[in-house]
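Scroll down for the structure; my scribbles are underneath it.
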Amino acid sequence: MMLSLYFLFCLVMALAYVLAIAKIHSGWSSLKELQIPKNHKPSLHISVVIAARNEANNIQKCIHSILNNNYPENLFELIVVNDHSDDGTAEILQSINDPQFIALHQEVGSQGKKEALKKGIAHAQGEIILTTDADCIARKNWISSISYAYESTSIDMATAPVVFNKGTSAIENFQVLDLAGMMAVTASGIRNQSYFLANGANMSFRKNAFIDLNGFEGNEQYASGDDMFLIHKMAKTNPDKVAFIKT
């Protein structure tokens, strides 16, 4: 009797898992991939904002990849906020001389990723804020893709894919696949408005929407969650304005 109940339980759980995967796959498949028209001329001003703490090994490659995007130079800026780094990050930021690049430094008494992002966003001149992490590398059309998504729709916030480097072991490769799968999970949830996830390594929002929602207010006591708390705020206010940019 116990064996039969156990088998029935396993069967029910397996069926539930298959149905869940099918729903995620359907949500991902129903999303159209973003295609930028060849004759498209961008018009939105974009501010890329990065909070960096002790990223001396990564920050230069990250900045270089963003400044080399194919977006018009007069329509984007890159703001990196140094969050009290003590490994040479500040010196690297100070050495970069580019008209599109701005280096800011956290004041004494103010620390943490959210505070750093708030400082960068307050300084930003762009209509759209685009965030990533200091250990990320941006592809050539990254900013263009985000900009076109906002120009062609009425969204106020979006998250988009993050591609992970191949691991050096079986466990790391499993983690890479698991995190890649989360992209489909995230896209499906937002597409169906059943749940809302985000990844701060590729997240964007209209600056005025961020201000209207009082930014990170209400969750400052948490060290992380700059992405999740914000998208939940946005979704609670107007879920139709939240999107996943599939590209």
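The values are calculated or read from the model by the stated rules, or taken from the named source; none is laboratory data. Keep in mind the model is a prediction, meaning the values are calculated, not measured. Glycine gets a Cβ as well: all are built from the backbone with ideal geometry, and neighbour counts include every protein chain shown. These accessible areas exclude ligands, DNA and RNA; they are computed on the full protein's heavy atoms, side chains included. Shrake-Rupley method; radii C 1.70, N 1.55, O 1.52, S 1.80 Å.
Applying the condition of being in contact (Cβ under 8 Å) with a residue 40 or more places away in the chain and farther than 17 Å from Ser145 by Cβ to the range 15-45 and asking which residue is least open to solvent (accessible area, probe 1.4 Å) yields Gly27. Residues that are of a type in the set (S, T, N, Q) and at pLDDT below 95 were ranked within the range 207-247; the one that is surrounded by the fewest Cβ atoms within 10 Å (Cβ to Cβ) is Gln221.
The residues in the range 64-73 that are open to solvent by 30 Å² or more (accessible area, probe 1.4 Å) and in a helix (DSSP H, G or I) can be counted, and the count is 3. Checking Phe244 against (1) farther than 28 Å from Ala22 by Cβ; (2) in contact (Cβ under 8 Å) with a residue 40 or more places away in the chain, which single condition isn't satisfied? With respect to (1) farther than 28 Å from Ala22 by Cβ; (2) in contact (Cβ under 8 Å) with a residue 40 or more places away in the chain, Phe244 is out only on (1). Residues in the range 125-168 that are of a type in the set (Gly, Ala, Ser) and either touching a Leu at 6+ places or on another chain (Cβ under 7 Å) or touching a residue at least 60 places away in the same chain (Cβ under 8 Å) (or both): Gly126, Ala134, Ala138, Ser144, Ser145, Ser147, Ala149, Ser154, Ala158, Ala160.
Might you check whether a residue that is surrounded by fewer than 17 Cβ atoms within 10 Å (Cβ to Cβ), touching a residue at least 24 places away in the same chain (Cβ under 8 Å) and over 14 Å from the mean Cα position of the chain (by Cα) occurs anywhere in the range 169-183? Checked the range 169-183: no residue is surrounded by fewer than 17 Cβ atoms within 10 Å (Cβ to Cβ), touching a residue at least 24 places away in the same chain (Cβ under 8 Å) and over 14 Å from the mean Cα position of the chain (by Cα). Please determine, by comparing only the residues of the range 74-88 that are of a type in the set (D, E, K, R) and over 20 Å from Ala201 (Cα atoms), which one is surrounded by the fewest Cβ atoms within 10 Å (Cβ to Cβ). Here the answer is Asp86.
Only one entry of Glu91, Glu107 meets the criterion of being in contact with a Lys or Arg (Cβ under 9 Å, 6 or more places away or on another chain), loosely packed, with under 13 Cβ neighbours inside 10 Å and over 24 Å from Met234 (Cα atoms), and that entry is Glu107. When the range 46-55 is filtered for residues that are within 21 Å of Ile146 (Cα to Cα) and either in contact with a Phe, Trp or Tyr (Cβ under 7 Å, 6 or more places away or on another chain) or open to solvent by less than 10 Å² (accessible area, probe 1.4 Å) (or both), the ones remaining, listed by number, are Ile46, Ser47, Val48, Val49, Ile50.
Any chance the range 199-206 includes a residue that's without any contact (Cβ under 8 Å) to a residue 60 or more places away in the chain, open to solvent by 30 Å² or more (accessible area, probe 1.4 Å) and in a loop (DSSP other than H, G, I, E, B)? Yes, the range 199-206 contains at least one residue that is without any contact (Cβ under 8 Å) to a residue 60 or more places away in the chain, open to solvent by 30 Å² or more (accessible area, probe 1.4 Å) and in a loop (DSSP other than H, G, I, E, B). Inspect the range 56-63 for any residue being open to solvent by less than 90 Å² (accessible area, probe 1.4 Å), not β-branched (Val, Ile, Thr) and not in a helix (DSSP H, G or I) and give the result as yes or no. Taking every residue of the range 56-63 in turn, at least one turns out to be open to solvent by less than 90 Å² (accessible area, probe 1.4 Å), not β-branched (Val, Ile, Thr) and not in a helix (DSSP H, G or I). Tell me, which residue of the range 110-131 that is polar (S, T, N, Q) and open to solvent by 10 Å² or more (accessible area, probe 1.4 Å) is nearest to Ser43 (Cα to Cα)? Restricting to residues being polar (S, T, N, Q) and open to solvent by 10 Å² or more (accessible area, probe 1.4 Å), the top hit is Gln125.
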